[in-house]
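Worksheet for the structure shown next.
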Amino acid sequence: MADSVMPMGRPSGVSRRGFMVGTGSILGLGLLGGTAATARAAGPIGDGAHVPALIIGTGYGGSVAALRLAQAGVDVHMVEMGQSWDTPGSDGKIFANTRDPDYRSFWLRTRTKQPVSGFLGFPLDKDVPRYAGILDAEEFAGITVYQGRGVGGGSLVNGGMAVTPKRSRFSGVLPSVNADEMYSKYYPRANAGLGVNEVDRAWFDSTDCYQYARVGRKHAQRSGFEFDYVPNVYDFDYMEREAANTVPRSALAAEILYGNNYGKKTLPKTYLAQAKATGRVSISALHRVTSVSPASGGGYTVAIETLNTSGDVTGTKTVRADRVFFAAGSVGTSKLLVKLKATGALPNLNSEVGQGWGDNGNVMCGRANHMWDPTGSLQSSIPTGGIDNWDAGGAFAEVAPLPTGIETYASFYLSITNTPHRAQFSWNAAAGRVDLNWQTAWKQTSIDMAKSIFDKINRKEGTIYRTDLFGTYKIWGDHLTYHPLGGAVLNKATDNYGRLRGYSGLYAIDGSLIPGNTSVNPFVTITALAERNIEKIIATDL
Ligand code: FAE
C-alpha cells in the first residue's frame with residue numbers, strides 16, 4: 001500500500017541521518033518586486049508580520065516552491081499545521097512503529113483508524129491519547145483520506161515509491177502540459193531533488209526482506225503480467241546495512257506509516273534542508289491558515305491559528321503576504337479555497353474551485369498463498385515493485401509488504417486504477433465545513449479493474465482473496481485513499497501554471513492541480529509539476 005500496516009511493537013536505536021541531495025542552483029537569481037523584508041527572522045511568524053511569499057503547507061509542492069523562490073532571492077515563510085517532528089519521544093524515537101501505533105501516530109484522534117483494520121479475526125484499532133500526530137485519517141461521507149501532518153507533509157508517512165508515469169500515459173494525466181518538457185527537464189529535476197534511487201537487483205533477488213516481493217513478481221509473471229521495479233526515496237544502501245545489522249533498523253523494523261526513524265529521504269532531509277540552508281526560508285509549525293483575503297494596501301491578509309500538541313487553538317495571528325502559495329495538499333487546498341470563495345473572502349475564484357477531485361483509483365486487497373509459498377517473517381516496509389496491467393485492465397498494483405513480523409503466507413497489494421469518477425467539494429454553511437460528495441459505490445469500478453489482475457493470478461495459482469484485513473469477510477479495502485488529487489485543477493481553477501484565476505499573486509502548487517489520477521503513485525508528478533510551474537512563476541511574475 002505504498003506501505004503497510006500492522007501492530008505489534010518493537011523499537012530499535014536512535015540517531016538521525018541527514019541526506020542532502022544536491023540539485024545545484026538550477027535557477028538564476030531573480031529579483032523580488034518591492035516587498036518588506038521581515039520574513040527572515042528564525043522561529044514562528046510574528047503577529048502583524050509582512051512577508052514577500054507565504055506558503056501554506058510543507059509537503060511536496062510547498063517544499064519545491066520554497067527552495068526555488070529562496071534560490072531566486074525571495075524570502076519565504078512556510079506555515080504548517082502539523083508538528084516539526086524533530087524531537088524524540090520518551091522511547092528515544094521520533095516516530096512510532098507501524099506495529100504499535102501510539103499517541104504520535106494519528107492526527108487528533110482518540111482511537112486509531114488503521115488502513116488495515118483486522119488480522120485473522122482480531123480487530124487492530126485501539127485507543128490513543130488525542131495528539132497532533134503524524135497521520136490524518138480524514139473522514140468524508142464516502143471515503144477516508146489519509147494524509148501526512150507535519151513539516152514534510154506526506155513525505156513523512158508515505159511508502160517512498162517514486163514513480164514517473166509511462167510517457168505514453170502522460171497526456172491522460174495532465175493534458176495541458178508539454179510532455180517533452182516534463183520528461184526531459186522537470187521529471188529528472190524532481191527525481192534528483194527527491195534523492196530517488198533503486199534497489200540493487202542482485203540484492204533484491206537474495207535478501208530475506210524481499211521474499212514477499214519475489215513471490216509477488218513470480219505470481220505476476222506466471223499469469224503473464226509485466227512486473228516493474230519501482231524506484232524509491234528510501235536509501236537502499238542504508239537498507240542493506242540494516243540487513244547486515246550494522247545500523248539501526250527502520251525499513252526492516254516495520255517503520256513506515258507513522259514515520260521512518262532512519263533511512264527514508266523525506267522532504268526535511270532533501271528539498272526543505274536545501275531551502276533552509278539558503279537562509280531565506282523559515283517555517284511555523286503548529287500554525288494553521290484559516291483565511292486569505294485581499295489586503296487594503298495590496299497583497300493578502302492571512303489569518304492563522306496557533307495550535308498546541310493536543311490540537312487546541314492557543315491563539316490567532318494576522319499577517320500580510322505579497323504572494324500566497326496554496327500547498328496544503330489536495331484536500332487542504334481545496335477546503336480552504338472552497339470556503340474562502342463561498343464565505344466572501346475570495347469571491348472571484350472561479351467555479352472550477354473544488355471540482356475534479358479523485359482518489360487515484362486506490363483499492364487494497366490481500367491474497368492467501370499456499371504453505372509452500374511463504375512471503376517471509378522479515379519484510380522490508382519499502383515497496384520496490386508493481387504489476388502493470390494499466391492498458392489492458394486499468395490497474396497498476398503495487399506489491400506491498402505486510403510486515404507483521406510473523407509468516408502470514410499473504411500477498412498484499414495497493415492498486416491504482418483508471419477510475420473515471422470525480423467528486424466535488426462544497427461549502428456546507430449550516431455545518432460550517434467543507435463536504436465532499438464522493439460515493440462509496442464508485443469504488444466498484446476500481447475493484448473491477450484490480451480484479452483484472454488478481455482474479456487471474458488466483459486462478460493460475462489456485463489461491464483465494466483474504467477476507468480478514470478490512471473487516472469481517474471483506475475482501476476489498478475500498479473505504480480509503482492515500483492519493484487525494486485535484487480540487488484546484490490546472491488550466492481550470494488556475495491558469496496553465498497554477499496561478500489561481502480571479503486573483504493575481506495567489507497560486508496553487510500541490511496535488512490539488514492534478515485532475516484526480518496519475519496512473520501511478522503521485523508524488524514525483526506533484527514535485528515535477530511544481531518545479532515546472534515555479535520556474536515559470538519566478539521568471540514572469542517576480
Ligand atoms: P502534502 O504532502 O499532503 O502536504 C500538505 C501539507 O499542508 C501537510 O503537511 C498539511 O499538514 C499542511 N496543511 C494542510 N492544511 C493546512 C492549513 N490550513 N494550514 C497549514 N498547513 C496545512 O501535499 N505517494 C507516492 O508517490 N508514493 C508512495 O509510496 C506514497 N505512499 C503513501 C502512503 C500513505 C500512507 C499516504 C498517506 C500517502 C502516500 N502517497 C504516496 C501520497 C503522497 O504522500 C501525496 O500524494 C503527497 O504527499 C501530496 O503532496 P502535496 O504537496 O500535494
task: With the condition kept exactly as written, say whether any residue in the range 157-167 is closer than 27 Å to Thr494 by Cα, at pLDDT 95 or above and near the ligand (Cβ under 7 Å from one of its atoms).
output: yes
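Every residue, every condition in (1) acidic (Asp, Glu); (2) open to solvent by 10 Å² or more (accessible area, probe 1.4 Å); (3) in contact (Cβ under 8 Å) with a residue 60 or more places away in the chain, yes or no:
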{"residue": "Ser334", "(1), (2), (3)": "no, no, yes"}
{"residue": "Met364", "(1), (2), (3)": "no, no, yes"}
{"residue": "Ser381", "(1), (2), (3)": "no, no, yes"}
{"residue": "Asp391", "(1), (2), (3)": "yes, yes, no"}
{"residue": "Thr404", "(1), (2), (3)": "no, no, yes"}
{"residue": "Ala410", "(1), (2), (3)": "no, no, no"}
{"residue": "Asn418", "(1), (2), (3)": "no, yes, yes"}
{"residue": "Val434", "(1), (2), (3)": "no, yes, yes"}
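Here is a yes/no grid of residues against (1) crowded, with 24+ Cβ neighbours inside 10 Å; (2) over 27 Å from Arg189 (Cα atoms); (3) within 16 Å of the ligand (Cβ to nearest atom); (4) of a type outside the set (Lys, Arg):
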| site | (1), (2), (3), (4) |
| --- | --- |
| Pro231 | no, no, yes, yes |
| Thr290 | no, yes, yes, yes |
| Ala295 | no, yes, no, yes |
| Thr301 | no, yes, yes, yes |
- line: Okay, strands (runs of 3 or more DSSP E) sitting entirely in the range 383-455 with 2 or more residues that are within 30 Å of Lys339 (Cβ to Cβ) and among the polar types (S, T, N, Q), I get 425-428
- request: May I ask you to say which residue of Arg459, Arg501 is among the basic types (Lys, Arg), out of contact with any strand residue (DSSP E or B) (no Cβ under 9 Å at 6 or more places or on another chain) and away from the ligand (no atom under 16 Å from the Cβ)?
  value: Arg459
- request: Tell me which of these Lys474 doesn't satisfy, since it passes every other one: (1) part of a loop (DSSP other than H, G, I, E, B); (2) in contact (Cβ under 8 Å) with a residue 24 or more places away in the chain; (3) more than 16 Å from the ligand (Cβ to nearest atom).
  value: (2)
message: Of all residues being within 7 Å of the ligand (Cβ to nearest atom) and not basic (Lys, Arg) in the range 131-150, which is nearest to Asn308 (Cα to Cα)? Just the residue, please.
response: Gly150
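Residues that are open to solvent by 50 Å² or more (accessible area, probe 1.4 Å) and touching a Lys or Arg at 6+ places or on another chain (Cβ under 9 Å): does the range 316-325 have at least one?
No: the range 316-325 contains no residue that is open to solvent by 50 Å² or more (accessible area, probe 1.4 Å) and touching a Lys or Arg at 6+ places or on another chain (Cβ under 9 Å).
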- prompt: Could you count how many residues in the range 490-514 are in a loop (DSSP other than H, G, I, E, B) and either surrounded by fewer than 24 Cβ atoms within 10 Å (Cβ to Cβ) or touching a Ser or Thr at 6+ places or on another chain (Cβ under 7 Å) (or both)?
  reply: 13
message: Which pairs turn up if I take residues in the range 79-90 that are within 14 Å of Ala132 (Cα to Cα) and look for partners that are within 10 Å of the ligand (Cβ to nearest atom) and among the charged types (D, E, K, R) with beta carbon separation below 7 Å, at least 6 apart in sequence or on another chain?
response: Met81/Arg149; Met81/Arg288; Gly82/Arg149
Those residues of the range 54-89 which are among the hydroxyl-bearing types (Ser, Thr, Tyr), open to solvent by 10 Å² or more (accessible area, probe 1.4 Å) and within 14 Å of the ligand (Cβ to nearest atom), in sequence order: Tyr60, Ser84
query: Scanning for something over 28 Å from Gly311 (Cα atoms), polar (S, T, N, Q) and open to solvent by 20 Å² or more (accessible area, probe 1.4 Å), does the range 261-281 turn up at least one residue?
result: yes
- request: Confirm whether Thr270 is touching a His at 6+ places or on another chain (Cβ under 6 Å), within 16 Å of the ligand (Cβ to nearest atom) and touching a residue at least 12 places away in the same chain (Cβ under 8 Å).
  value: no
- line: Note: among Ala328, Ala368, Ala345, just one is open to solvent by 10 Å² or more (accessible area, probe 1.4 Å), in contact with a strand residue (DSSP E or B) (Cβ under 9 Å, 6 or more places away or on another chain) and under 17 Å from Thr494 (Cβ atoms), namely Ala328
task: Return only the number of the condition from (1) open to solvent by less than 40 Å² (accessible area, probe 1.4 Å); (2) touching a residue at least 40 places away in the same chain (Cβ under 8 Å) that Glu242 does not satisfy.
output: (2)
Candidate set from the range 90-130 (those that are open to solvent by 20 Å² or more (accessible area, probe 1.4 Å), aliphatic (A, V, I, L, M) and under 28 Å from Ala368 (Cα atoms)); member that is nearest to the ligand (Cβ to nearest atom): Leu124
query: Quick one: would you say Ala345 is out of contact with any His (no Cβ under 9 Å at 6 or more places or on another chain), farther than 20 Å from Leu108 by Cβ and within 13 Å of the ligand (Cβ to nearest atom)?
result: no
message: Suppose the filter is within 12 Å of the ligand (Cβ to nearest atom), buried (at least 24 other Cβ atoms within 10 Å of the Cβ) and at positive phi; does Gly487 pass it?
response: yes
- request: Return the only residue of Thr375, Thr384 being hydroxyl-bearing (Ser, Thr, Tyr) and either within 22 Å of the chain's Cα centre (by Cα) or under 30 Å from Ala141 (Cα atoms) (or both).
  value: Thr384
task: Output the qualifying pairs, or none if there are none: Cβ atoms under 8 angstrom, residues six or more apart or on different chains, first residue in the range 336-359 and of a type in the set (Val, Ile, Thr), second residue at pLDDT 95 or above and part of a loop (DSSP other than H, G, I, E, B).
output: Val338/Val353; Val338/Gly354; Val338/Gly487; Val353/Gly487; Val353/Ala488; Val353/Ala493
task: Any chance you could count how many residues in the range 303-315 are open to solvent by 20 Å² or more (accessible area, probe 1.4 Å) and away from the ligand (no atom under 12 Å from the Cβ)?
output: 7
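The values are calculated or read from the model by the stated rules, or taken from the named source; none is laboratory data. All of these numbers come straight from a predicted model, not from anything done at the bench. We place every Cβ from the backbone using ideal geometry, glycine too, and count neighbours over all the protein chains shown. Just so you know, the surface numbers come from the protein's heavy atoms only, side chains and all, with ligands and any DNA or RNA stripped out. Shrake-Rupley method; radii C 1.70, N 1.55, O 1.52, S 1.80 Å.
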